[in-house]
Amino acid sequence: MKEKVEQTTEQNTSSPRKEPQSFRQKAGEFFFKNRGYTPVPFVVIVVFLSQPTWRTFWIGLSLMVLGEGIRIWAMSYMEGTTRSRRIQANQLITSGPYRFIRNPLYLGNLLLYAGVAIMTNIWVPYFLVLSLLYFIIQYILIIEAEEKVLHELFGAAFEQYCATIPRFFPNFKSYPQNKDIEPRISKAFKSEKSSLLSFSLILLYFVIRLVYSI
């Protein structure tokens, strides 16, 4: 499933020459560009090795609904391209879930993948832990690459935002919102079509397995 850019827009092509990239930065950009393909090993394990029960299905589904809800909430405040293969940004978004957490989309993803991992009911709890580590490592590298770009674009404003709002764990001391950004839920659902379809197919797969005891 392709992850959306947490803060999106075009960079100025006339900016000064950039410093050489570190290995972590290159890795972050690599995972960002290929974020639609990195879940493939996870999906293969889910399809061929899962042993779901109705109990694990409902527990996993509750996490998936929460994760997708967070994603849609965050997506409703996004403007411009949200499926880019390049890290870019035109505005520092501090509205909606961004008031409490810097990366709500990645948090939503982790909840979605955790839900699916629980549904599989395999290698409990090791598959869940390994799955989360697999995605967390990628997201940390991606976030570092994104934050470097955001710091270059927004400077002190982004530094203040980072000093107040955590990356993954919500801080419920709300940050000042963008006054000019209104949520657009319909746009969020449109942007989430491919993600909703992907996870709907996974749910259908589990339901068929459970109903027909396959």
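The values are calculated or read from the model by the stated rules, or taken from the named source; none is laboratory data. Computed from a prediction, not measured in an experiment: that's the story for all the values here. Because the Cβ atoms are built from the backbone with ideal geometry, glycine has one as well, and the counts that use them run over all protein chains shown.
Mind checking whether some residue in region 60-70 is at pLDDT 95 or above, under 18 Å from Arg184 (Cβ atoms) and either surrounded by fewer than 17 Cβ atoms within 10 Å (Cβ to Cβ) or in contact with a Lys or Arg (Cβ under 7 Å, 6 or more places away or on another chain) (or both)? Yes: region 60-70 contains one or more residues that are at pLDDT 95 or above, under 18 Å from Arg184 (Cβ atoms) and either surrounded by fewer than 17 Cβ atoms within 10 Å (Cβ to Cβ) or in contact with a Lys or Arg (Cβ under 7 Å, 6 or more places away or on another chain) (or both). Hey, any hits in region 103-125 for a residue that's within 21 Å of Pro170 (Cα to Cα), touching a Lys or Arg at 6+ places or on another chain (Cβ under 9 Å), assigned to a loop (DSSP other than H, G, I, E, B) and in contact (Cβ under 8 Å) with a residue 60 or more places away in the chain? Within region 103-125, one or more residues are within 21 Å of Pro170 (Cα to Cα), touching a Lys or Arg at 6+ places or on another chain (Cβ under 9 Å), assigned to a loop (DSSP other than H, G, I, E, B) and in contact (Cβ under 8 Å) with a residue 60 or more places away in the chain.
When His151 is tested against (1) in contact with a Ser or Thr (Cβ under 9 Å, 6 or more places away or on another chain); (2) modelled with pLDDT under 95; (3) part of a helix (DSSP H, G or I), only condition (1) is not met.
Considered as a group, the residues in region 199-214 that are under 23 Å from the mean Cα position of the chain (by Cα) and loosely packed, with under 15 Cβ neighbours inside 10 Å include one that is nearest to Ser62 (Cα to Cα), and that residue is Ser200.
All of Ile142, Ile118, Ile87 fail the test of being under 25 Å from Arg24 (Cα atoms), surrounded by 19 or more Cβ atoms within 10 Å (Cβ to Cβ), modelled with pLDDT of 95 or more and not hydroxyl-bearing (Ser, Thr, Tyr), apart from Ile142. Within region 173-214, restricting attention to residues that are assigned to a loop (DSSP other than H, G, I, E, B) and in contact with a Phe, Trp or Tyr (Cβ under 6 Å, 6 or more places away or on another chain), the residue that is nearest to Gln51 (Cα to Cα) is Pro183.
All conditions but one from (1) crowded, with 17+ Cβ neighbours inside 10 Å; (2) modelled with pLDDT under 95 apply to Phe57; the one that does not is (2).
When Ser194 is tested against (1) closer than 14 Å to Gly60 by Cβ; (2) within 22 Å of the chain's Cα centre (by Cα); (3) among the hydroxyl-bearing types (Ser, Thr, Tyr), just one condition goes unmet, and that condition is (1).
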